[in-house]
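The values are calculated or read from the model by the stated rules, or taken from the named source; none is laboratory data. Computed from a predicted structure; not experimentally measured. Backbone-built Cβ (ideal geometry, glycine too); neighbour counts: all protein chains shown. Remember, those area values only see protein heavy atoms, side chains included, never the ligands or the DNA or RNA. Shrake-Rupley method; radii C 1.70, N 1.55, O 1.52, S 1.80 Å.
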Amino acid sequence: MTPANLAATVLSAARAVFETRGLDTSLLPGTTTMERPRNPEHGDYASTLALQLGKKTGVAPRELAAALAEELGRQPGIKSVEIAGPGFLNIRLDAAAAGVLARDIVLAGADYGQSATLRDERINLEFVSANPTGPVHIGGVRWAAVGDALSRLLRTAGATVGTEYYFNDAGSQIDRFAKSLYASAKGEPAPEDGYGGAYIAEIAAAVLAEAPDVLNEPEDAAIETFRRVGVDLMFAEIKQSLTEFGVHFDTYFNEKDLHNRGELQEALDRLREQGHIFEADGATWLRTTEFGDDKDRVLRKSDGDWTYFAADCAYYLDKRKRGFDRIVIMLGADHHGYIGRMKAMSACFGDDPAKNLEILIGQLVNLVRDGEPVRMSKRAGTVVTLEDFVDALGVDATRYALARYSSDSPINLDIAVWTKAGNDNPVYYVQYVAARTANVARNAADVGLTRGEPAGFHPELLSHEKENDLLKALGEYPAVVARAAELREPHHVARYLEEVAGAYHRFYDKCRVLPLGDEPITDLQRARLWLNDATRTVIANGLALLGVSAPERM
RNA sequence: GCGCUCGUAGCUCAGCGGAUAGAGCAACGGACUUCUAAUCCGUCGGUCGCAGGUUCGAAUCCUGCCGGGCGCGCCA
């Protein structure tokens, strides 16, 4: 019996109680969640349904709980139901009903955890989107890890997802980049507002290698060559770093294309039709204050140039035209000032900003060595890059560390902690379970212990306290995935995996799987092997969501 | 000044309006002739920033205050 099954059973019991008592069944919720109490005296699972319904129906919660308990007690697989406190239902399962889960998980394999929670949603997920004027830096790294994990999470919850990197290849940042390359190639210092990292010299040299005569061209043409070739090189390098980090985007979207296809004008026309455009001081404005922004925003400047915000509008419209109904954009904390204008812009298009546009804000990340933030970079001189991160921690630890915390909280990642081989390093703690379960399975095969046919599995033998705890933890996986997807918070998966890891280590410590010496193989050992393999399935599936490997041995 | 956001154990952080607020680390004390001790067990540790409010019930929701971070261009 999975928690989802149990929840359904509790709901149908509630329906039966309502019908018997002539209560309005429309007050029943569509779903209910089962809690896993910390205190073992509170049973295997607890439900607060009677408390919630007591409020709605006006019937005393304890009275409802008593009726529910009686109804539930008759259901197969349920050992006992107790009423506690103001109306909690504390439910205990038969060992057999709980144990079957081990087999269900193994048979489901990589599909365990998949759901239809977000089935009807078409989600566009944009993250990183670093300008191709330098390597991906520390903020982008956080989003690379979290955004990629989120995309996997959303797909597992049944959504149709398109991941997207907005390649900002128009605009003045690129001009500065091109001029910086040109200056570097001529051996001159970087311009006042240019880029000065060591990577500039590398890219400039690479441009020279591809276009040896570039410095003989007139300055404008030369800068144009540096822009074109330099941006291509920089972008190839960014893509390469991301690929090595295990992050792939379905779409790399060029800002230039928006301009070339006239989509900025199209967006402006659309907004004008909606009646939110006005002209003032020679510029063209969007009246975003109508929808809560703190000031109106210019789309086209008095000199005729488009603003960056105009491109944002066109890009949003483009995504919507491609059939995405939820536009999710992940930004650094320094961009949170955009939320107001973006939400307002969505409303100006006639959309519902609460539903069609989600902007997720990620707080800062510091890489810490010996208690001091790491500021040095071999390449850029000032910022920490994706490559610096991977050099310091490795891909698995970097991805896990960044996906482990709520994006709302600023984090300090201590290099010493995340490279240590021990249980104070969360990624090792979890990965070690993957290795341990694989090792147990290998050793079992060596002595002739196999799971055997599913029909020969004896779930009732998994009655040890630690087996029960582990089963309960494994049963929560689908709900954790669904909730993490809905909340857009992959860190719940990591925290959950740490719980499963703890439960497995305690099981391993107390419940031996393999026979000792020449002992004959028993059904209990076979049942435990099912549980061992079910644990490996959950750990592997969960780590895969985070883009972290589940090693066979360590 | 206005806006957003955060404030939970010595540290790093979890915590869905529910039961006695948790984990890891640190500190201290235990467990390896047995499937990998990269593990497990125990002890210590809290005015959930402060003050009100809503609620049967608040770390969680609302208001105010205090403190930290960030943002407030016809920049990108």
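Brief remarks follow.
- Those helices (runs of 4 or more DSSP H) lying entirely in the range A:381-453 with at least 1 residues β-branched (Val, Ile, Thr), within 13 Å of RNA strand B (Cβ to nearest atom) and open to solvent by 60 Å² or more (accessible area, probe 1.4 Å): A:415-419
- Of all residue pairs spaced 6 or more apart or on separate chains, those with beta-carbon atoms under 7 Å, a first member in the range A:399-425 that is of a type in the set (Phe, Trp, Tyr) and a second member that is in a strand (DSSP E or B) and surrounded by 13 or more Cβ atoms within 10 Å (Cβ to Cβ) are A:405/A:411.
- Boolean, residue A:110 is more than 17 Å from the chain's Cα centre (by Cα), in contact (Cβ under 8 Å) with a residue 60 or more places away in the chain and not in a loop (DSSP other than H, G, I, E, B): yes
Okay, residues lined up against (1) within 13 Å of RNA strand B (Cβ to nearest atom); (2) assigned to a helix (DSSP H, G or I); (3) open to solvent by less than 10 Å² (accessible area, probe 1.4 Å):
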{"residue": "A:51", "(1), (2), (3)": "yes, yes, no"}
{"residue": "A:56", "(1), (2), (3)": "yes, yes, no"}
{"residue": "A:65", "(1), (2), (3)": "yes, yes, yes"}
{"residue": "A:69", "(1), (2), (3)": "yes, yes, no"}
{"residue": "A:72", "(1), (2), (3)": "no, yes, yes"}
{"residue": "A:83", "(1), (2), (3)": "yes, no, no"}
{"residue": "A:86", "(1), (2), (3)": "yes, no, no"}
{"residue": "A:102", "(1), (2), (3)": "no, yes, yes"}
{"residue": "A:115", "(1), (2), (3)": "no, no, no"}
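For every residue, the table says whether it meets (1) within 12 Å of RNA strand B (Cβ to nearest atom); (2) modelled with pLDDT under 95; (3) in contact with a His (Cβ under 7 Å, 6 or more places away or on another chain); (4) within 29 Å of residue A:446 (Cα to Cα).
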{"position": "A:464", "(1), (2), (3), (4)": "yes, yes, no, yes"}
{"position": "A:476", "(1), (2), (3), (4)": "yes, yes, no, no"}
{"position": "A:484", "(1), (2), (3), (4)": "yes, yes, yes, no"}
{"position": "A:509", "(1), (2), (3), (4)": "yes, yes, no, yes"}
{"position": "A:512", "(1), (2), (3), (4)": "yes, yes, no, yes"}
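- Helices (runs of 4 or more DSSP H) lying entirely in the range A:203-279 (those with 3 or more residues that are among the basic types (Lys, Arg) and surrounded by 13 or more Cβ atoms within 10 Å (Cβ to Cβ)): A:219-244
- Residue selected from the range A:16-49 under the condition more than 9 Å from RNA strand B (Cβ to nearest atom) and closer than 20 Å to residue A:98 by Cβ, by the criterion surrounded by the fewest Cβ atoms within 10 Å (Cβ to Cβ): A:40
- Contacts under 7 angstrom Cβ, first residue in the range A:273-298 being over 18 Å from residue A:357 (Cα atoms) and within 11 Å of RNA strand B (Cβ to nearest atom), partner open to solvent by less than 40 Å² (accessible area, probe 1.4 Å) and at pLDDT below 90, 6 or more apart: A:294/A:340
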